[in-house]
Structure formats: structure tokens, C-alpha cells
1. Taking Y233 as meeting all but one of (1) aromatic (F, W, Y); (2) buried (at least 18 other Cβ atoms within 10 Å of the Cβ); (3) closer than 23 Å to V206 by Cα, write down the number of the exception.
2. Which condition from (1) away from the ligand (no atom under 16 Å from the Cβ); (2) surrounded by fewer than 17 Cβ atoms within 10 Å (Cβ to Cβ); (3) touching a residue at least 60 places away in the same chain (Cβ under 8 Å) is the one that H184 breaks?
3. Taking the range 92-108 only, how many residues are more than 10 Å from the ligand (Cβ to nearest atom) and touching a helix residue (DSSP H, G or I) at 6+ places or on another chain (Cβ under 9 Å)?
4. Answer yes if at least one residue in the range 55-77 is without any contact (Cβ under 8 Å) to a residue 24 or more places away in the chain and of a type in the set (K, R), and no otherwise.
5. What is the residue count in the range 95-131 for residues that are in a loop (DSSP other than H, G, I, E, B) and under 13 Å from K161 (Cα atoms)?
6. Among the numbered criteria (1) free of Cβ contacts under 8 Å to residues at least 60 places away in the same chain; (2) within 14 Å of the ligand (Cβ to nearest atom), which one does R166 miss?
7. For the range 135-160, what are the residues that are buried (at least 18 other Cβ atoms within 10 Å of the Cβ) and without any contact (Cβ under 8 Å) to a residue 24 or more places away in the chain?
8. Tell me the residue from I137, I147 that is assigned to a helix (DSSP H, G or I) and either touching a helix residue (DSSP H, G or I) at 6+ places or on another chain (Cβ under 9 Å) or under 18 Å from D50 (Cβ atoms) (or both), please.
Amino acid sequence: MKFLVTGGAGYIGSHMVNFLLKKNHDVTIFDNLSTGKFINKNRIKFEKVDLINLSKLNKSMKNKKFDAVFHFAGLSIVSESEKKTKKYYLNNVLATKNLIKSMIKYNINNLIFSSSASVYGLPTTKKISENHRTRPISEYGKNKKEIEKILIKFGKKKNFKSISFRYFNAAGADESAKIGESHHPETHLIPKVLESVKHRKKNMYVYGNTYNTKDGTCIRDYIHVNDIARAHYYGLKKFKNRKCTLTYNIGTGRGHSVLEILNGIEKITKKKLNIIFKRKRKGDPPILVADCKKIFKELKWKPKYKNINTILLTAWKWHKKT
Ligand SMILES: NC(=O)c1ccc[n+]([C@@H]2O[C@H](COP(=O)([O-])OP(=O)(O)OC[C@H]3O[C@@H](n4cnc5c(N)ncnc54)[C@H](O)[C@@H]3O)[C@@H](O)[C@H]2O)c1
């Protein structure tokens, strides 16, 4: 089949591209390389396209007849989204609107969108299901919620099908250690700590150790990036239905505290960390764990990477090499 991967030069998108190539599909990437880095492989078609530019996007989309589009392109640093609201709106909401317009213009109707657990805001239940209220507390989360709404609108009006996958914390790297996670600035716990270990920095700052959790630090649900890619692939079967506007959480349903992650990193890197506790940050929910019953049941998908230390090891192998 013929697929477009927007943001295919980024962390999760590049793993999706890898996954599709292994299944021998025809893959094209549209990416503006604002945060991503394209690693050339002979079977990938790459076009430098900024989704904000609709006429350029239309030129690139014309005559391609993709069977489906995996949409990873966007900006995703939560703290930055608070300061640069316009930039985030343009690159996330407007860019996605353009993508949908262009797809409809060229009769391409199947879209898989990277949404996020940030649409939920502060959880009111122990595990978060897709029916949980959506009250995002960041601009980034608001962008994702707005896009999901747009997809629902198009699903009702046109013959437009979509799946929004709400990822919890994407983590790890491909076993080949050729691609992995890197954002600038890096705000995600695992790559941040691994980079520090690599550069022999021992001090690790942990924001808050008085949360109402087993060890006082925040708990998150870490899902391996290749499990995310596989979930997207399983999602394709839903496009056979006449109508399709779906939402699924992607997580493991299990939470790990910040201290558990740091202990895991000490174990796999064989390096001792000097943990320094700092004050809590505003807006950090104590626990964010997915309820994954819906995706388990409807897509028959389950994570293959169940052990957090295995996930950490895949990430470490990549960081060591870069
Ligand atoms: N990493 C996570 O834990 C996580 C969690 C939930 C949701 N997501 C979502 O998944 C998607 C991918 O995240 P990632 O971690 O791989 O990010 P990333 O920054 O590594 O990749 C994003 C890619 O999109 C490209 N891009 C950005 N704006 C663009 C535009 N206007 N036109 C064309 N290309 C553009 C970038 O150059 C980059 O290659 C994002 O939409 C993000 O919000 C990520």
C-alpha cells in the first residue's frame, strides 16, 4: 500500500516509517525538518513540505493517491506551547486543517492522527479511559483537543475517516539503535537523564517527592515507540468500515514513578545518579496512566514491551551510539 507519513523525520514518525518499510509498503515523508532530522534510506521518498503552506502541500499531494496518511507532524514541547501560542496554533491546528483540506481535494480519506493524553488535563480517575472528560491544561493539549474536534466534524460531513491515538509517554528506540528520541530542548525524562549519563553529569533533579504516590514522585505510563507504530498499523483495518471517527488511548495501563525510572537507568547504565529533589512544578498531575481496554478489545493490540527496563535499554543503546 501507499502511505504518507507527515513528521516522518521526527522521533515517532521515523519509527512508523521503519515499521512500514519492513512490511514492504510504499512510503513518502512530508516534513519541514524544523525539529526532525531525515535519515536517508533508498526506499523512502522524502519531500520538504511545511504543512502551513497549503499551496505547496497541494502540489506535493497531487497525483499521489495515498491509501492513508499517518500524521505525526507538529510541535510538542508543552512549556514552549504556553509562551509561543501562535506558533503552536499554526503548526498544530492550522497545519492539520491544511492537511485535511488537501487530502479531501485529492480524494484521500483515511487519516491517523497523533493525539495525546494531554487532552485529558487533570485526571479524576485512577486510570484514564477515552470517556474521561477532556479539559486540557496546556496550549499544546488544547491544540490536540481542537484537532480531534475538527476530525469529528469532517467525519460527520464528508466521507472522511480518522483515528486519533492519544499516546501517553512514548519511550525507547528501535532495536537497531539507528533511530531514537531527541527533542531540543529535551523535556522528556528518559532521554534527558540518558543524555546526562552519557555526558557524565551525575546530578538529576526530580521535581516533587511529596505526591500521593508510592514513593512520592510522579507516575507516568511509558509505551515503547515501536508498540505505538504497530498500533497505528492495526488501526488501518478500521478504515474498511463505511464510517470511521475513532479515538484510542495508547499506553500499557501500568505506571512507573520517576524514581523507578531513575533506578532502572542506574541499573542498565551501571552508573550511580545523584538525585536532588526540587519543588513540585505547577500543573504536573501526580499520576497519568491509561485505561487501554478499548484498544485491547477493538484493535486486538497489546504492547510487546512490557518491562520498563527493556524499554530503557533500547533507549540507552541508541543514546550511547549518537
Ligand atoms: N513524544 C511523545 O511522548 C508524544 C506523546 C503524545 C503525542 N505526541 C505527538 O506525536 C507527534 C510526534 O511526536 P515526536 O515526539 O515524534 O515529535 P518530533 O518533534 O520528534 O517530530 C515532529 C516532526 O514534525 C515535523 N514538523 C513540525 N511542524 C511541521 C510542519 N508545520 N510541517 C511539516 N513538518 C513539521 C518536525 O520537523 C519533526 O520531524 C507529535 O504530533 C506529538 O504531539 C508525542
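1. Of (1) aromatic (F, W, Y); (2) buried (at least 18 other Cβ atoms within 10 Å of the Cβ); (3) closer than 23 Å to V206 by Cα, only one is false for Y233: (3).
2. Looking at each condition in turn, H184 falls short on (1).
3. Taking the range 92-108 as the starting set, the residues that turn out to be more than 10 Å from the ligand (Cβ to nearest atom) are 93, 97, 100-108.
Remaining after also requiring touching a helix residue (DSSP H, G or I) at 6+ places or on another chain (Cβ under 9 Å): 93, 97, 100-106, 108.
Going through the range 92-108 one residue at a time, the tally reaches 10.
4. Yes: one or more hits.
5. Number satisfying all stated conditions: 3.
6. Failing condition for R166: (1).
7. Scanning the range 135-160 gives P136, K142.
8. So the residue among I137, I147 that is assigned to a helix (DSSP H, G or I) and either touching a helix residue (DSSP H, G or I) at 6+ places or on another chain (Cβ under 9 Å) or under 18 Å from D50 (Cβ atoms) (or both) is I147.
The numbers here are math on the coordinates, done by the rules we state, and not lab data. Quick caveat, the model's predicted, so the values are computed rather than measured. Backbone-built Cβ (ideal geometry, glycine too); neighbour counts: all protein chains shown.
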